[in-house]
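Take a look at the structure below.
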Amino acid sequence: MMAMEYESNNWIWDGVYYCPRLFGGLMLTAALLGLSTTYFGGIGLFPLSYVWSDSGIFHKKKCEKKRIRVYMDGCFDLMHYGHANALRQAKALGDELVVGVVSDEEIIANKGPPVLPMEERLALVSGLKWVDQVIANAPYAITEQFMNSLFNEHKIDYIIHGDDPCLLPDGSDAYALAKKAGRYKQIKRTEGVSSTDIVGRILCSVKDTEGGGDHTSTLLNGDSGERCHSQRAQISQFLPTSQRIVQFSNGKGPGPNSRVVYIDGAFDLFHAGHVEILKKARQLGDFLLVGIHTDHIVREHRGMPYPVMHVHERSLSVLACRYVDEVIIGAPWEVTKDMITTFNISIVVHGTVAESNSLLPGETDPYAFPKSMGIFRLLESPKSLTTSSVSQRIVANHEAYVKRNAKKAQSEMKYYEEKTYVAGE
């Protein structure tokens, strides 16, 4: 009862606070008319309060609750569901998530050349459903100047990072200043995946499939063959759970009159090309349903070493994309009449850029039925990027790394030989 009374008189206190002169005049008029202030705020004057509240006289907003803005940064090279889960957790610590994407130059200086350039990494981060704003070319370390810029210009309340250590080349903590300022919060690292792990999977697969005299075999000589054997035995540590899928899902189905767009594929090594084609597909309707092919289907049509990521890993990466409403985990190769009816699909689309558009011997066109219905559409892919081209970049980067190290080792050996020779004289 008390709560109801308080609610009913809120308009009075709004009036006193925001329009004291107007409200004072009204109170004086009421007193001259012989009405008590108790009656004035009571039920007897409900119609008047109702009119006033509706008129908006006292509807000037009070101090709204401050929205908490949080910041998280990273290289986000070879974007995977671990990155997505980190940003999901960061968003849960505030109302708005601002993400800093470290510049190519800073990555080269601290970790070596990235596989994905800034433009592609920006597209991936901007495409995540939990991200509200992106800062390009962020520094690798949180300097005092950059931290002040975050607090003052971007109105950041807290800086977020995972519970794994992030050390600079000199061994110092990259987030020491944020911790000292009391504006640091920590999230749990997603176990079972990392960019290093993905690179390892690709390089080991290259070793398996290209072994002979190809140049790629020289990338993995020596003891790396043993490491590959070990990694193949544990290709992925990811254990999918229904909770994780729910965390990534929108939790909403299509409305009764929604235009459902369907697109399928492997979506392996989720990249900027995937983000752009999904964005384009989503613009054709109200609800985007994405079919993720099984590992068997991908391997059958593309051969080894694909898929690099297994079906549940690929599904989470797609679900994290802001343009995707729902996924079919382990979608069939062929789009059938039953599928179209079950999911109320209005249009089926496919991009012009794909790993392989060729069919296996005796295989029928997987889009034959939607084509016969006149609901199939070929979409011009905004980017020519493919999973294979990303894999090739990784191999090239590794080759360059090996050559640099070999050259460095030769230079050091020559230096010590000359030093020894001089000393011997």
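The table that follows gives values for the structure above.
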item	result
Residue selected from segment 318-332 under the condition part of a loop (DSSP other than H, G, I, E, B) and closer than 18 Å to residue 285 by Cβ, by the criterion most open to solvent (accessible area, probe 1.4 Å)	322
Selected residue (criterion: most open to solvent (accessible area, probe 1.4 Å)) from residues of segment 255-272 that are in contact with a Gly (Cβ under 9 Å, 6 or more places away or on another chain) and outside any helix (DSSP H, G or I)	259
Enumeration of residues in segment 110-131 that are in contact with a Cys (Cβ under 8 Å, 6 or more places away or on another chain) and either open to solvent by less than 30 Å² (accessible area, probe 1.4 Å) or at pLDDT 95 or above (or both)	114, 121, 127, 128, 129
Residues (open to solvent by 50 Å² or more (accessible area, probe 1.4 Å), charged (D, E, K, R), touching a residue at least 12 places away in the same chain (Cβ under 8 Å) and not in a loop (DSSP other than H, G, I, E, B)) located in segment 176-202	185
Residue check for residue 315: surrounded by fewer than 20 Cβ atoms within 10 Å (Cβ to Cβ) and among the small types (Gly, Ala, Ser)	no
In segment 340-390, the residues that are out of contact with any Gly (no Cβ under 6 Å at 6 or more places or on another chain), open to solvent by less than 40 Å² (accessible area, probe 1.4 Å) and in a loop (DSSP other than H, G, I, E, B)	354, 366, 367, 375, 386
Selection within segment 282-294 - under 20 Å from residue 330 (Cα atoms) and surrounded by 19 or more Cβ atoms within 10 Å (Cβ to Cβ)	287, 288, 289, 290, 291, 292, 293
Check on residue 275, open to solvent by less than 50 Å² (accessible area, probe 1.4 Å), assigned by the TED database to the domain that holds residue 353, over 30 Å from residue 204 (Cβ atoms) and at pLDDT 90 or above	no
Qualifying residue in segment 329-341 (condition: among the basic types (Lys, Arg), farther than 27 Å from residue 194 by Cα and outside the structural domain of residue 77 (by the TED database))	yes
In segment 277-296, the residues that are farther than 14 Å from residue 320 by Cα, assigned to a helix (DSSP H, G or I) and not basic (Lys, Arg)	277, 281, 295, 296
Residues satisfying the stated conditions in segment 339-358, i.e. closer than 30 Å to residue 120 by Cα and more than 26 Å from the chain's Cα centre (by Cα)	347, 356, 357, 358
Only listed residue being acidic (Asp, Glu), in contact with a helix residue (DSSP H, G or I) (Cβ under 9 Å, 6 or more places away or on another chain) and without any contact (Cβ under 8 Å) to a residue 12 or more places away in the chain, chosen from 173, 132, 77	173
Within segment 137-148, tally of residues that are open to solvent by 30 Å² or more (accessible area, probe 1.4 Å) and of a type in the set (Val, Ile, Thr)	1
When residues of segment 305-352 are limited to those that are of a type in the set (Val, Ile, Thr) and touching an Asp or Glu at 6+ places or on another chain (Cβ under 6 Å), the one farthest from residue 292 (Cα to Cα)	352
Test result for residue 134, within 17 Å of the chain's Cα centre (by Cα), open to solvent by less than 40 Å² (accessible area, probe 1.4 Å) and modelled with pLDDT of 95 or more	no
Unmet requirement for residue 157, which otherwise passes all of (1) over 30 Å from residue 278 (Cα atoms); (2) open to solvent by 30 Å² or more (accessible area, probe 1.4 Å); (3) modelled with pLDDT of 95 or more; (4) touching a strand residue (DSSP E or B) at 6+ places or on another chain (Cβ under 9 Å)	(2)
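The values are calculated or read from the model by the stated rules, or taken from the named source; none is laboratory data. Keep in mind it's a predicted model, so treat the numbers as computed, not measured. Neighbour counts are summed over all protein chains in view; Cβ atoms, including those assigned to glycine, are modelled from backbone coordinates with ideal geometry. These accessible areas exclude ligands, DNA and RNA; they are computed on the full protein's heavy atoms, side chains included. Shrake-Rupley method; radii C 1.70, N 1.55, O 1.52, S 1.80 Å.
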